[in-house]
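Novice: Before we start, here is the structure in question, set down as structure tokens.
The values are calculated or read from the model by the stated rules, or taken from the named source; none is laboratory data. This one's a predicted model, so the numbers in the text were calculated from it and none came from an experiment. Backbone-built Cβ (ideal geometry, glycine too); neighbour counts: all protein chains shown.
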Amino acid sequence: KNYQIIIEENRRLYNEVQELKGNIRVYCRIRPFLQGQNKKQTSIEYTGENGELVVANPLKQGKDTYRLFKFNKVFGPASTQEEVFLDTRPLIRSILDGYNVCIFAYGQTGSGKTYTMSGPSITSEEDWGVNYRALNDLFHLTQSRQNSVIYEVDVQMVEIYNEQVRDLLSEDVPDASMHSVKSTEDVLELMNIGLMNRTVGATTLNEKSSRSHSVLSVHVRGVDVKTESVLRGSLHLVDLAGSERVGRSEVTGERLKEAQYIKKSLSALGDVIFALAHKNPHVPYRNSKLTQVLQNSLGGQAKTLMFVQINPDEDSYAETVSTLKLAERVSGVELGAARSYK
Ligand code: ADP
């Protein structure tokens, strides 16, 4: 196949790149075709075990058809929630050792962001996304360590819509309210309240959730039983607003305003992660509410993981490439078709 040539040529290149920069990781996840959907053509040509992904442009022919991307990991359409979590768990566990961790789901609406973060339902554990599995794992670990470290866990849940931060767990407090939790059940209960508050004013949950960012923050404080030293870590689980671009001619009024705010905050996030990956002295946190809210947990010793969600459909090709390009930029490894044919 033609794309084999691109892969071979680029392997040399990214062997030189060694590790992805610093504490930033990018995992790509490809959604399967959905049941009941007519089997369409796919733009995903190849996924490699080592994080390689080749997409095919339906409008081109020959060698120009293919474009190669490289991430820390690519999860194909058959990947399970458990597999995805297993590769996320070490990062999550590090918060108990005092790290700050941010996990983002990025992609166009319908690409599986909520599926990866929350899962399609909470009634069946098999369906659980990263959020619930992470919390479950954390509570198990804190219990198993309780003879040496006493942990306290607090959660916050906010939504960022049109550059306004709204607490989803209580009303009329100046800052996002903190809620002490002792078990996964406690968190599930709070998350249900948060989800209900999120739908206020929207016709459907999906309508609202695709246009706002939701941030679930877990703060952990551990006190060493012997030394009494205190250790703090945090985990932010962020389901981002849909990244699809909307043409100016297509939308007006409220919808246009929303689209502009989303675009602004997603590019501000991209700029911050890019600056961190490239160890730039100036990191532009102030450009959006999202990056302001997360400022203390992005950068420094903090660890960042971005799930790049992909809709496999050929019709989504343009969005797919734009999503992948942003991810490639933040990860610090840009290959690009042009480079492979010089
Ligand atoms: P987004 O949050 O990006 O808008 P969703 O998570 O709501 O997208 O996913 C869109 C649809 O695709 C939902 O019906 C969801 O259950 C389904 N879906 C997404 N990812 C997967 C997956 N990995 N396996 C099976 N179904 C998926």
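Novice: Can you tell me which residue in the range 246-288 is modelled with the highest pLDDT, limited to those that are in contact with an Asp or Glu (Cβ under 9 Å, 6 or more places away or on another chain) and farther than 22 Å from E159 by Cβ?
Specialist: P284
Novice: Restricting to the range 80-117, give me the number of residues that are among the small types (G, A, S) and more than 20 Å from N23 (Cβ to Cβ).
Specialist: Matching residues across the range 80-117 total 4.
Novice: Filtering the range 173-187 down to residues that are without any contact (Cβ under 8 Å) to a residue 40 or more places away in the chain and within 27 Å of Q260 (Cα to Cα), which residue is surrounded by the most Cβ atoms within 10 Å (Cβ to Cβ)?
Specialist: Top of the filtered list is D175.
Novice: Report yes if I6 is crowded, with 18+ Cβ neighbours inside 10 Å and modelled with pLDDT under 70, otherwise no.
Specialist: Answer is yes for this residue.
Novice: With the condition kept exactly as written, say whether any residue in the range 26-38 is under 24 Å from F274 (Cβ atoms), at pLDDT 90 or above, within 16 Å of the ligand (Cβ to nearest atom) and of a type in the set (A, V, I, L, M, F, W, C).
Specialist: Checked against the condition, which is being under 24 Å from F274 (Cβ atoms), at pLDDT 90 or above, within 16 Å of the ligand (Cβ to nearest atom) and of a type in the set (A, V, I, L, M, F, W, C), the range 26-38 yields at least one hit.
Novice: Only residues that are part of a loop (DSSP other than H, G, I, E, B), among the aliphatic types (A, V, I, L, M) and touching a strand residue (DSSP E or B) at 6+ places or on another chain (Cβ under 7 Å): list them for the range 211-264, please.
Specialist: Result: V225, L240, A241.
Novice: Only residues that are closer than 22 Å to S316 by Cβ and more than 14 Å from the ligand (Cβ to nearest atom): list them for the range 86-118, please.
Specialist: Hits for the range 86-118: nothing passes.
Novice: Of the residues that sit in the range 49-69 and are more than 16 Å from Q309 (Cα to Cα) and part of a loop (DSSP other than H, G, I, E, B), which one is modelled with the lowest pLDDT?
Specialist: So the residue we want is E49.
Novice: Next up: Here is a list of conditions, (1) in contact with a Leu (Cβ under 9 Å, 6 or more places away or on another chain); (2) at pLDDT below 90; (3) within 15 Å of the ligand (Cβ to nearest atom), and E207 meets all of them except one; can you say which number that is?
Specialist: Answer for E207: the failing condition is (1).
Novice: In addition: Consider the range 227-245. How many of its residues are farther than 30 Å from F139 by Cα and either aliphatic (A, V, I, L, M) or at pLDDT 95 or above (or both)?
Specialist: Qualifying residue count for the region: 0.
Novice: A further question follows. From the set of residues in the range 240-298 that are among the β-branched types (V, I, T) and in contact with a Ser or Thr (Cβ under 7 Å, 6 or more places away or on another chain), which is surrounded by the most Cβ atoms within 10 Å (Cβ to Cβ)? Write out each step before concluding.
Specialist: Of the range 240-298, the ones among the β-branched types (V, I, T) are 246, 251-252, 262, 272-273, 283, 291, 293.
Retained after the next criterion (residues that are in contact with a Ser or Thr (Cβ under 7 Å, 6 or more places away or on another chain)): 272-273.
Working: V272: 25, I273: 27.
The extreme case among them is I273.
Novice: Within the range 49-60, is even one residue among the hydrophobic types (A, V, I, L, M, F, W, C), on the phi < 0 side of the Ramachandran plot, in contact (Cβ under 8 Å) with a residue 60 or more places away in the chain and touching a Lys or Arg at 6+ places or on another chain (Cβ under 7 Å)?
Specialist: Yes, the range 49-60 has at least one match.
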